[in-house]
Amino acid sequence: MQENPFADPFDAPPPAATVPTQPPAAATNSNEEFNPFSNRAGSSNVQPAANRVAPSEFGTKTAGMDDELFRKQQELERRAQELRIREEELDRRQRNAANNLNTGASNNAPRPHNWPPLPTIIPVEPCFYQDIEVEIPVQFQKTVTFAYYVFLVYVLALVVNVVASLFYMIFASGSIGQLFLACIQLALFSPCSFLFWFRPVYKAFRNDSSFNFMVFFFVLFFHCIFTFVQTLGLSSYACGWINALDTFKTSIPIALLMLVSAITFTVALIGMLTALVRVHRLYRGAGFSIDKARQEFTNGVMSDAGVQRAATAATQAAAGAAFNQAAQGRF
């Protein structure tokens, strides 16, 4: 009986009253039933305030993690480099052992000489055994190789000086004494440079010898002063900058050739100073000292067989002279 029979059937029915799904908190009664799942579902999406991380704190933690990862990466790279150096050193020792086995010699036996590399047609054998990759540790091979190249550049400068002095004497009225002096320098300073400063630095890095380091520093320092005088070209001592520039008044081609000699001497001088500084840095970093060099020299001299025989002979002679004097005075 609630429907109106006279109402228009095409009219929409009135909207139904909306019923709230959840009563207000103030209208709830303590005796009504409690749904435990409704509150849990609503509170599961809300994080407690204590567990929330501020953006600034999160950025600080991320930066700290990045720094820690960077430090660990640097440490790993350093260890990898050390492992590579040890591996190269082990390979070098293995090659050295293999060479000894191939030659049929023991570890203490002398190796066949290979320097200077003379052709077979010359009836002269090499004087030294030299192999930087075999005898020198890996971390010092570049320094020893650089010193060897400096020695070769200096020998080249002496050769160019001889050629320039020859043309200077023939075409620019140069003195014959300068040519003779250039030949003497080539014949004298080439082997002396090898024996007195390159060979000591080679043996210093090979045998870890402080005495050879001191010999290298002493000889190369004075040799740098000598090479500086050669580079200047004072008087007729060598074809350097001064007499090369003066030769432009006489002959330009000869002056250019003398300039090549001066430039070669300059490159050799710069290389000597650079080698001196590089070796000195390694010397200071390795903990060598003058006391250690003195001790090595003393031990080396006293362990030499010739020195021991001479000392024994001197002791016997002194003892015999003292006995004779005592016997003559008594009888």
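The values are calculated or read from the model by the stated rules, or taken from the named source; none is laboratory data. Being a predicted model, the structure only gives us computed values, none of them experimental. Because the Cβ atoms are built from the backbone with ideal geometry, glycine has one as well, and the counts that use them run over all protein chains shown.
Okay, here's what the table says:
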| read-out | value |
| --- | --- |
| Any hit, segment 238-246, residues being among the small types (Gly, Ala, Ser), in contact with a Ser or Thr (Cβ under 6 Å, 6 or more places away or on another chain) and over 28 Å from residue 115 (Cβ atoms) | yes |
| Identity of the residue in segment 78-109, more than 16 Å from residue 136 (Cα to Cα) and not in a helix (DSSP H, G or I), that ends up modelled with the highest pLDDT | 109 |
| Segment 201-213, residues that are touching a helix residue (DSSP H, G or I) at 6+ places or on another chain (Cβ under 8 Å) and over 13 Å from residue 282 (Cα atoms) | 202, 203, 206, 211, 212 |
| Which listed residue is surrounded by 19 or more Cβ atoms within 10 Å (Cβ to Cβ), farther than 18 Å from residue 127 by Cβ and hydrophobic (A, V, I, L, M, F, W, C), from 211, 218, 248, 194 | 211 |
| Restricting segment 114-129 to residues that are among the aliphatic types (A, V, I, L, M) and either in contact (Cβ under 8 Å) with a residue 24 or more places away in the chain or within 14 Å of residue 191 (Cβ to Cβ) (or both), the residue that is surrounded by the fewest Cβ atoms within 10 Å (Cβ to Cβ) | 124 |
| Count of residues meeting criterion [part of a helix (DSSP H, G or I) and touching a residue at least 24 places away in the same chain (Cβ under 8 Å)] in segment 231-240 | 1 |
| Residue identified as modelled with pLDDT under 95, at positive phi and out of contact with any His (no Cβ under 7 Å at 6 or more places or on another chain) among 233, 240 | 233 |
